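> Following this message is one structure expressed as C-alpha cells.
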Amino acid sequence: MASETIFALSSGMPPAAIAVVRVSGAHAADAVRALAGRLPPPRHASLADLTDATGAPLDRALTLWFPGPNTATGEDLAEFHLHGGRAVVTAVEAALTALPGLRRAEAGEFTRRAFLNGRIDLAEAEGLADLLAAETESQRVQALGLVSGHVSRAVAAWQERLLALMAAAEAELNFADEDDVDVYEGAAARLVAGMAALAAELGEWLARPAAEVIAEGLSVVIAGPPNAGKSTLINALAQRELAIVSPVAGTTRDIIETPLALDGIAMRFSDTAGLRGEGADVVEAIGIDRARAAVEAADIVLWLGPPRDAPDHPRCILIAAQADRWRGDAAAEADAARCDLILSAATGEGMEALHGMIVDMARTLLPREGEAALRQRQRAALAEAQQWLAIDPTSREAGDLILIAERLRLAAGALDRITGRAGVEDMLDALFGRFCIGK
C-alpha cells in the first residue's frame with residue numbers, strides 16, 4: 001500500500017565503496033531519527049553515527065532528508081549513504097525492518113509511487129526501465145529521451161490541441177445560445193480540418209522506428225547459397241566460433257543468432273541455412289524455410305551469393321565473399337563487379353568497409369538526433385488516436401457534431417493511455433476557461 005513506508009538498497013549490490021539505502025513514506029523522518037538520533041536540515045548531507053534500537057553501532061554514514069512532495073517519489077524521502085560492505089548493509093536493513101511501519105520495497109515500487117504521485121508519467125517510467133537496461137549508446141540516448149519527457153511533452157501538446165477541439169465541439173453542441181460563446185458557421189468543417197492536421201502530425205511520429213528496434217537490436221541476416229562463407233562471416237563478426245565451418249553443403253540447418261553492438265548500435269546477427277532448391281533433406285529443408293522467413297523479416301540482409309539471386313529486400317548489401325578463393329576466375333570476377341563489396345572474412349579484406357556499410361544503413365532505421373521513438377504500447381495508443389481523428393471530409397459523419405465530439409473523446413482517451421495523465425477534468429477546464437461559460 002502507498003501509505004506504508006518502504007526501504008531498499010538503491011545502489012549496486014555490495015561489496016562496493018558506497019551503498020545507498022533509500023526510505024520513502026510517512027515514517028521516513030522517524031527512520032532517520034531512530035538510526036541517526038536527529039533529523040538533518042532538508043536536502044543537506046549530514047554525517048551521523050547510526051545505531052540500532054539497542055544502541056549498538058551500525059556505521060558512520062551520511063544521512064539526507066527530503067520532505068515531500070517535491071521528491072523523487074512525491075513522498076517524504078530519506079537516504080543513508082553507507083560504507084558498502086555486505087555486513088553494513090545487512091545490519092542497517094535489519095534495523096529498518098525492526099522499526100514500526102517500515103517494510104522492504106517490492107521490485108519497482110519506488111518508481112510506481114513516483115507515477116501514482118504524479119512525479120513521472122507512464123512514458124517516463126518506461127524510459128527509466130529502458131535506461132536501466134541500456135547496454136549500447138543508442139539505447140542510452142533513446143531511453144534518456146523518454147526519461148527526460150520528450151514523448152510526454154509531445155503528448156501534452158497534442159492533448160492541449162485536442163482539448164481545444166473538444167471544448168469547441170462542446171460549446172457548439174450545448175452552449176451556442178450563450179452571449180459570451182463564439183460560434184461559427186461551418187463549425188463541423190473547422191473541427192474536421194483541425195482533427196486532420198493533428199492526425200497528420202501523429203502519423204509522422206508513427207512513421208518513426210519503434211523503440212523496440214533500438215532496445216532489442218536491429219536484425220541483420222546473413223544469407224546465401226550453401227558454402228558461400230556465411231558461417232565464416234558471422235564468426236569473424238563475432239570474433240569467436242559460433243557456427244561450424246565446413247565444405248559440406250547443409251552444415252548449417254538452423255538459424256544461429258548472436259547479439260553484437262557496432263558503433264553503439266545494438267544488432268542481432270543471424271547465420272542461416274544455405275538457400276538451394278534441390279538436394280536438401282527434410283531437416284535441411286525446414287532450415288531453408290526458416291532462412292527465407294528470416295530474410296523477409298530482417299532489417300538488413302547481407303547477401304553472399306550471385307547478385308542475380310539476391311532477395312528483393314529494401315536494405316540488402318551484395319557481398320562478393322571468399323575473395324581469397326575466387327580471384328582470377330572470370331565468372332566470379334564478373335559477379336563481384338556487380339556487388340557492393342568484395343570481402344574475405346578469412347583474411348579480413350573488406351571487413352572494415354562492411355562494418356561501415358552496416359552502420360550507415362542501420363542509422364537510416366534509427367530516429368534522427370533529437371527524435372524519440374515510441375514503444376509498441378505507445379504506438380498502439382497513438383495509432384488508435386489517429387484513427388479516431390481521421391474523418392473523410394466528404395462523409396455524412398463529417399457534418400455531425402455529435403459524432404465528431406465522440407471521436408474527439410475517444411482520441412483523447414487513447415492519448416491519455418500513453419502518459420496516464422489528462423482526462424475529462426482537463427476538457428472541462430478548457431471549456432469553461434476559454435469560453436467563459438458559467439460566470
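> Against the conditions (1) in contact with a Pro (Cβ under 8 Å, 6 or more places away or on another chain); (2) at pLDDT 80 or above; (3) buried (at least 17 other Cβ atoms within 10 Å of the Cβ), where does residue 250 fall short? Just the number, please.
(2)
> Condition first: in contact with a Ser or Thr (Cβ under 8 Å, 6 or more places away or on another chain), open to solvent by 60 Å² or more (accessible area, probe 1.4 Å) and over 30 Å from residue 127 (Cβ atoms). Can you find one or more residues in the range 300-320 that meet it?
no
> For the condition part of a helix (DSSP H, G or I) and more than 14 Å from residue 270 (Cα to Cα), what is the one hit in 296, 333?
Answer to the check: 333.
> A further question follows. Taking the condition over 22 Å from residue 128 (Cα atoms), not in a strand (DSSP E or B) and not aromatic (Phe, Trp, Tyr), does residue 42 pass?
So residue 42 fits the description; yes.
> Consider only pairs whose beta carbons are under 7 Å apart and that are at least six residues apart or on different chains; among these, list those whose first residue lies in the range 224-237 and is in contact (Cβ under 8 Å) with a residue 24 or more places away in the chain and whose second residue is open to solvent by 30 Å² or more (accessible area, probe 1.4 Å) and of a type in the set (Gly, Ala, Ser).
Hits for this filter: 226/249; 227/249; 232/346.
> Residues to consider are 376, 387; find the one that is surrounded by fewer than 13 Cβ atoms within 10 Å (Cβ to Cβ) and closer than 16 Å to residue 418 by Cα. Talk me through it step by step, then tell me what you get.
Working: 387 fails: surrounded by fewer than 13 Cβ atoms within 10 Å (Cβ to Cβ).
Of 376, 387, the one residue that is surrounded by fewer than 13 Cβ atoms within 10 Å (Cβ to Cβ) and closer than 16 Å to residue 418 by Cα is 376.
> Then there is this: Which one is nearest to residue 233 (Cα to Cα), of the residues in the range 322-343 that are open to solvent by less than 30 Å² (accessible area, probe 1.4 Å) and at pLDDT 90 or above?
Kept after step one, since they are open to solvent by less than 30 Å² (accessible area, probe 1.4 Å), are these residues of the range 322-343: 323, 332, 336, 339, 341, 343.
Still in the running and at pLDDT 90 or above: 339, 341, 343.
Working: 339: 16, 341: 13, 343: 9 Å.
By that ranking, first place goes to 343.
> Within the range 278-294, can one find any residue that is modelled with pLDDT of 85 or more and not charged (D, E, K, R)?
Taking every residue of the range 278-294 in turn, at least one turns out to be modelled with pLDDT of 85 or more and not charged (D, E, K, R).
> May I ask you to say which residue of 26, 94, 34, 129 is of a type in the set (Gly, Ala, Ser), over 15 Å from residue 8 (Cα atoms), touching a residue at least 24 places away in the same chain (Cβ under 8 Å) and part of a helix (DSSP H, G or I)?
It is 34.
> Here's something else I'd like to know. Only one of these is surrounded by 13 or more Cβ atoms within 10 Å (Cβ to Cβ), part of a strand (DSSP E or B), of a type in the set (A, V, I, L, M, F, W, C) and at pLDDT 95 or above: 64, 47. Name it. Outline the logic, then answer.
Details: 47 fails: surrounded by 13 or more Cβ atoms within 10 Å (Cβ to Cβ).
So the residue among 64, 47 that is surrounded by 13 or more Cβ atoms within 10 Å (Cβ to Cβ), part of a strand (DSSP E or B), of a type in the set (A, V, I, L, M, F, W, C) and at pLDDT 95 or above is 64.
> So in the range 390-412, with the set limited to residues that are basic (Lys, Arg) and open to solvent by 60 Å² or more (accessible area, probe 1.4 Å), which one is farthest from residue 303 (Cα to Cα)?
Per the stated criteria, the residue is 396.
> Given the condition within 30 Å of residue 26 (Cβ to Cβ), of a type outside the set (Lys, Arg), open to solvent by 50 Å² or more (accessible area, probe 1.4 Å) and at pLDDT below 80, answer yes or no: does some residue in the range 130-144 qualify?
Looking for residues that are within 30 Å of residue 26 (Cβ to Cβ), of a type outside the set (Lys, Arg), open to solvent by 50 Å² or more (accessible area, probe 1.4 Å) and at pLDDT below 80, one finds at least one in the range 130-144, hence yes.
> Would you check which residues across the range 15-37 are touching a helix residue (DSSP H, G or I) at 6+ places or on another chain (Cβ under 9 Å), open to solvent by less than 20 Å² (accessible area, probe 1.4 Å) and not β-branched (Val, Ile, Thr) and list them?
Residues satisfying the conditions are 19, 24, 25, 31, 35.
> For residue 196, are the conditions met, namely being open to solvent by 40 Å² or more (accessible area, probe 1.4 Å), in contact with a helix residue (DSSP H, G or I) (Cβ under 9 Å, 6 or more places away or on another chain), modelled with pLDDT under 75 and among the hydrophobic types (A, V, I, L, M, F, W, C)?
No; evaluated as a whole, the condition is false for this residue.
> Here is a follow-up. Residues that are open to solvent by 20 Å² or more (accessible area, probe 1.4 Å), assigned to a helix (DSSP H, G or I) and in contact (Cβ under 8 Å) with a residue 40 or more places away in the chain: does the range 75-83 have at least one?
No - not one qualifying residue is present in the range 75-83.
> Can I ask one more? Take the residues in the range 132-173 that are of a type in the set (Gly, Ala, Ser) and outside any helix (DSSP H, G or I); name whichever of them is nearest to the chain's Cα centre (by Cα).
134
The values are calculated or read from the model by the stated rules, or taken from the named source; none is laboratory data. Since we're looking at a predicted model, the values are computed, not measured. We place every Cβ from the backbone using ideal geometry, glycine too, and count neighbours over all the protein chains shown. What goes into the accessible areas is simple: the full protein's heavy atoms, side chains included, and nothing from ligands, DNA or RNA. Shrake-Rupley method; radii C 1.70, N 1.55, O 1.52, S 1.80 Å.
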